[in-house]
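One structure below.
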């Protein structure tokens, strides 16, 4: 299911040229960067050891986040979200921005396992999210941070118990908004689009 969502998103990203920004590939293994620029998703032949995430946070990475890391090398998954409802009167989320999910790219001199620890990767984002919510840590630990939004920089949160996707709340008494923006990681990726292309 996640694989299908990534493949569908890749077609839209390629049509839009969203994978061609040179900045996305700074420090990336040159042959991999060239291959990703050609087709967005490059199948992985090795897997990243996810055990350090569990050891640090006491949380097993859910299967779909593990698949996001281990199925393909790819740049950020980003774009507008829920394009069909952008102009709906009274819509709950109307983004002028959109979600940006962490990239999975191998950098020069790194092992395949190092992708877990990259800046703006799931390990780094989750650690930062927990630090930012030290006063509500029990609630914060219900979530894994998988990205951010492009304009206001809300954390994009994966609820461990349900797999639902939330935005970080900026209210002082809570960690996440009261309603999810997607029922799953696959649904979130499927809903990301480029307004000039539609879905």
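The values are calculated or read from the model by the stated rules, or taken from the named source; none is laboratory data. Since the structure is predicted, the reported quantities are computational estimates derived from the model, not experimental observations. Cβ sites come from the backbone with ideal geometry, for glycine too, and all protein chains shown count toward neighbours.
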Those residues of the stretch 46-69 which are in a helix (DSSP H, G or I), in contact (Cβ under 8 Å) with a residue 12 or more places away in the chain and out of contact with any strand residue (DSSP E or B) (no Cβ under 9 Å at 6 or more places or on another chain) amount to 52, 56, 66, 67
For the stretch 135-154 the number of residues that are modelled with pLDDT under 95 and part of a loop (DSSP other than H, G, I, E, B) is 5
Within the stretch 167-186, does at least one residue satisfy the condition of being in contact with a strand residue (DSSP E or B) (Cβ under 8 Å, 6 or more places away or on another chain) and closer than 22 Å to residue 73 by Cα?
yes
Looking across the stretch 122-142 at residues that are out of contact with any helix residue (DSSP H, G or I) (no Cβ under 7 Å at 6 or more places or on another chain) and closer than 17 Å to residue 185 by Cα, the single one that is surrounded by the fewest Cβ atoms within 10 Å (Cβ to Cβ) is 142
When the stretch 165-191 is checked residue by residue, the ones that are closer than 21 Å to residue 126 by Cβ, in contact with a helix residue (DSSP H, G or I) (Cβ under 9 Å, 6 or more places away or on another chain) and buried (at least 20 other Cβ atoms within 10 Å of the Cβ) are 165, 168, 175, 176, 181, 182, 185, 186, 188, 189
Here the residues within the stretch 155-164 that are assigned to a loop (DSSP other than H, G, I, E, B) and surrounded by 12 or more Cβ atoms within 10 Å (Cβ to Cβ) are 160, 162, 163, 164
Taking first residues from the stretch 24-45 that are at positive phi and in contact (Cβ under 8 Å) with a residue 60 or more places away in the chain and second residues anywhere that are surrounded by 12 or more Cβ atoms within 10 Å (Cβ to Cβ) and not in a helix (DSSP H, G or I), the pairs with Cβ under 8 Å that are 6 or more apart or on different chains are 27/107
